[in-house]
1. Identify, by number, the condition in (1) over 17 Å from the mean Cα position of the chain (by Cα); (2) crowded, with 24+ Cβ neighbours inside 10 Å that residue 63 doesn't meet.
2. Counting only residues that are out of contact with any Asp or Glu (no Cβ under 8 Å at 6 or more places or on another chain) and either at negative phi or surrounded by 15 or more Cβ atoms within 10 Å (Cβ to Cβ) (or both), how many does region 371-383 have?
3. Taking the stated definitions as given, is residue 309 out of contact with any Phe, Trp or Tyr (no Cβ under 7 Å at 6 or more places or on another chain), assigned to a loop (DSSP other than H, G, I, E, B), touching a residue at least 60 places away in the same chain (Cβ under 8 Å) and surrounded by fewer than 24 Cβ atoms within 10 Å (Cβ to Cβ)?
4. For the condition outside any loop (DSSP other than H, G, I, E, B), open to solvent by less than 20 Å² (accessible area, probe 1.4 Å), under 23 Å from residue 160 (Cβ atoms) and of a type in the set (A, V, I, L, M, F, W, C), what is the one hit in 267, 291, 281?
5. It is to be established whether one or more residues within region 171-194 are without any contact (Cβ under 8 Å) to a residue 24 or more places away in the chain, over 30 Å from residue 117 (Cβ atoms) and among the basic types (Lys, Arg).
6. So which residues in region 72-116 are open to solvent by 20 Å² or more (accessible area, probe 1.4 Å) and assigned to a helix (DSSP H, G or I), if there are any at all?
7. If I go through region 462-483 residue by residue, how many of them are free of Cβ contacts under 8 Å to residues at least 12 places away in the same chain and within 28 Å of the chain's Cα centre (by Cα)?
8. Exactly one condition in (1) more than 19 Å from the chain's Cα centre (by Cα); (2) outside any helix (DSSP H, G or I); (3) under 30 Å from residue 362 (Cβ atoms) is not met by residue 223; state its number.
Amino acid sequence: MKVCLSPLALLGALFTAPLAYGQSAPPNIVVMLFDNLAYGELGSYGGGALRGAETPRIDRLAEQGLRLTNFNVEAQCTPSRSALLTGRFPIRSGTYRVPRSGQPDGLTLWEQTLAELLSARGYATGIWGKWHLGSSESRFPTRQGFDEWYGVPRTYDEVMWSGSDQATDLTPALGSKQGWNESLAPVQYIYEAKQGQAPRQVKQLDLASKRTLDAELTERATAFIKRNAGAGKPFFAYIPFSLPHMPTQPNPEFAGRTGNGSWADSLAEIDHRAGQVLDALKDAGVEDNTLVIVTSDNGGEATHPWRGANGPWRGTYFTAMEGGLRAPFILRWPGHVPAGKVSNEIVHIVDLYTTLAHAAGSQVPTDRVVDGVDQMPLFSGRQANSNREGFPAYVADRLTAVKWRNWKMHFIQQDEMYDPPQTLAFPRLYNLLADQREEHDVMLENTWALQPMMGVVGRFKASLEKFPPIEAGTPDPYTPAAR
């Protein structure tokens, strides 16, 4: 059950919780989460011009702060977003896979989101983009700590429903008798919501509205930034953009801009939207007191013709291959994170929950397992090593692999999203420094690695025994069983 703080208690929390890292005022926090932006797309990660479009704004941001080369996410969209906002591996919260339409889904209201923690510290909180953590209004973002939201509850595959009977020069029409209509599956809408008010359906999500959505998200997010900066109120702006999620099509204003096709045009738009957010921070005079993150929720798209470029890594999202787990990550926080820093230390997306909460002077909940660790000592350069050595890699509810330092052990082999997962008779071990493609099993020579790696697995499984996970589809109100 959620704890509802009175205004007096909230005021007390604001003045009693310590500010982290010696800052005089809590930092604004902006998280730009691009949807399935692969490791090898941005110029600062070896892409850019090689993918048909330079990315100067994001590359410049990387020069101004920290760039991670071993930042890890979950295998699917919903789990990564859940991990970011709860600091808990999604197997714990029943959000371990993308929900199927028509089934109960999302976070129980018992979970304490990052938005709730920051709201209790006096932050204005907003989300613009895909939620994917609850399709029912009772589990929309404005019931989970966000003051405002503009976006979609689920995902973007569904924009193709209404386009299935629209023939193009290359794609035949499916036929109105065989394709989708509203009597078979409900229309998905773009919503607008404010905390304490009923959500409003703004317009139908379709191919046309998806193409203009990121421009709308940027416009609303930058207005929020300027409004709260002008009021002197700290803010948390969470912007889960739609690009480059399939179908990967740019805003009409960017179509044809690069001359290198729709993917390159979309990459150019991604860089432009990030630049607009950065410009808003500068124009509002809060650039120096804002912690900015640019990252992705997953590895690259797996479906032709929208396949992403995962750089040197093998595999796709929906797998535990490095191409599915490693994502770009750039962080700028002037005066706290050194400019031009690059680290290959292992970090997981669950760590952002704890790290950002502490940066804002909040404490994470102590009545549940929180898997995220504070990585600010690494980010700030105060220590060379990560506060994490490894993590279990689940694909849906299957423990598929474990990472530890620069080693990876697979229990299930699945290279691509559409490949069937194959349980291995013997685990396979890869040295990720020597074998980025995960092609050469070196278990026989390195059986010593079983002890620390299985230690990661054993401790995690023991915690699941002690604190049983929430089943997917669990209704509210949820209260954990007494221990």
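The values are calculated or read from the model by the stated rules, or taken from the named source; none is laboratory data. Fair warning: this is a prediction, and the values are worked out from it, not measured in the lab. Neighbour counts run over all protein chains shown; Cβ positions are idealised from the backbone, glycine included. Just so you know, the surface numbers come from the protein's heavy atoms only, side chains and all, with ligands and any DNA or RNA stripped out. Shrake-Rupley method; radii C 1.70, N 1.55, O 1.52, S 1.80 Å.
1. (2)
2. 7
3. Yes, satisfied.
4. Just a single option satisfies the conditions, and that option is 267.
5. Scanning region 171-194 turns up at least one residue that is without any contact (Cβ under 8 Å) to a residue 24 or more places away in the chain, over 30 Å from residue 117 (Cβ atoms) and among the basic types (Lys, Arg).
6. Within region 72-116, 116 is the sole residue that qualifies.
7. So the answer is 2.
8. Checking residue 223 against (1) more than 19 Å from the chain's Cα centre (by Cα); (2) outside any helix (DSSP H, G or I); (3) under 30 Å from residue 362 (Cβ atoms), the one that fails is (2).
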